[in-house]
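Submitted below is the structure of interest, expressed as structure tokens.
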Amino acid sequence: MAYEFYDGEVVEIRDITPVIKRFFIKVNDFDTFDFAPGQFVMLDLPIESKRTTRSYSIASNPNGTNIFELVIVLKTDGAGTPYLFDYDQVKPGTPLKISKAIGKFTLPGHIENEICFICTGTGIAPFRSMILDMIHEGQTNHHINLIFGCRYAGDILYREEFESLKSQMPHFNYYPVLSRDSDWPGEKGYVHGVYEKLYSDGRPALFYICGWKEMIMQARGKLLDMGYDKSQIKFELYD
């Protein structure tokens, strides 16, 4: 598929862990960069004397400006992220080519049942966008369970933010799940055990899954086995 790209630039980079950065990007061709929470953008990167496109979910909510946020994890064997993580190549002021927002991994216009967000790693990005937008639009009465899997406590993205959001959304529940941190006082293991326990009664819900491919395929299969219909399960794959 051919994409049309627009002129943008990096305005800020925040190091979160040695392998995760937050990128704040301005699209110079628009006064307002429009997107629906859950969508992604393509970056056209000049890699190895050619241009290579990479897709990244938007982690911020629409705010009426032309600046949005991406949260990106380094893949050392890849081509796109080593370029983005090289400060000699990409820093504040570096120009980038950016597509318009793409994708259908979005919330329905009318939310009838509770929502369960299941994610690993930077797969939390579209769900942060959705939740922040709900708050911005005053839609704070929806029942939401956010289940976020990673390895260690230091890997938990936006931890303080999500913990504080519980005071703004009375029906918002947040479940970080750690697979390798023996000292963690919360949920341990993998995301599957959490949603299997929460939804063991089979009550109506809409499930959104994003992150590592293996996790998504396992979660989809488990939810189908629990009696949920495939129309109730939406997913976005991260290779």
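Readers should treat all values here as calculations from the given coordinates under stated rules, not as data from a laboratory. Here the structure is a predicted model, which means the values were calculated and not measured. Virtual Cβ from ideal backbone geometry, glycine too; neighbours counted across all protein chains shown.
What is the magnitude of the charge dipole of segment 114-238 about its Cα centre, with +1 placed on the Cβ of each Lys and Arg, -1 on the Cβ of each Asp and Glu, and no other charges, expressed in debye to the nearest 20?
With only Lys, Arg, Asp and Glu charged at Cβ, the dipole is about 280 debye.
Further question on the same structure: Give me the distance in nm between label points sitting 7 Å out from Cα along the Cα-to-Cβ direction at T53 and A153, one decimal.
So the two model labels end up 4.3 nm from each other.
Within segment 55-76, which residues have the backbone N less than 19 Å from the label spot 7 Å out from T94 along Cα→beta-carbon, could you tell me?
Only 55-59, 67-76 fall inside the zone, counting backbone N under 19 Å.
Taking amide hydrogens as modeled 1.01 Å from N in the peptide plane, which residues meet the under 5 Å criterion relative to S60, leaving out close sequence neighbours?
Amide H neighbours of S60: E69.
In debye, nearest 20: dipole of segment 158-211 around its Cα centre with unit charges on the Cβ of K, R (+) and D, E (-)?
The calculation lands at about 140 debye.
At a Förster distance of 30 Å, what's the computed FRET efficiency of I102 paired with E9, Cβ-Cβ distance as r, to 0.05?
0.90
In what sequence, highest mean first, do 29-36, 195-202 appear when ranked by Cβ atoms within 10 angstrom?
Descending mean neighbour count gives 29-36, 195-202.
Tell me, how many Å apart are the Cα centres for segment 18-68 and for segment 69-119?
6
If one computes the Cα centroid of segment 168-231 and of segment 137-153, what distance in Å separates the two points?
One Cα centre to the other: 11 Å.
Taking 0.36 nm per residue of separation and subtracting the Cα-Cα distance, what length does fully extending F24 through L224 add?
68.3 nm
What does the net charge come to around I98 if you take all other residues with beta carbon closer than 14 Å to its beta carbon, with K and R at +1 and D and E at -1?
-2
Assuming R0 = 35 Å, can you tell me the calculated FRET efficiency for the pair T65 and E112, based on Cβ-Cβ distance, to the nearest 0.05?
0.65
Work out the length of the dipole vector of the chain about its Cα centre, built from +1 on the beta-carbon of each Lys and Arg and -1 on the beta-carbon of each Asp and Glu, and round it to the nearest 20 debye.
Value, rounded to 20: 420 debye.
Grab the DSSP H runs of the chain that are 4 residues or longer, score each as -39,500 (n - 2.57), total them, divide by all residues and round the 222 nm result to the nearest 500 deg cm²/dmol.
Helices in the chain give a 222 nm mean residue ellipticity of -5500 deg cm²/dmol.
Just to check I understand the Karplus step: with θ = phi - 60° and J = 6.51 cos²θ - 1.76 cosθ + 1.60, what whole-Hz values come out for segment 159-165, glycine and proline as x?
Result, ordered by residue: 4, 4, 4, 5, 5, 6, 5 Hz.
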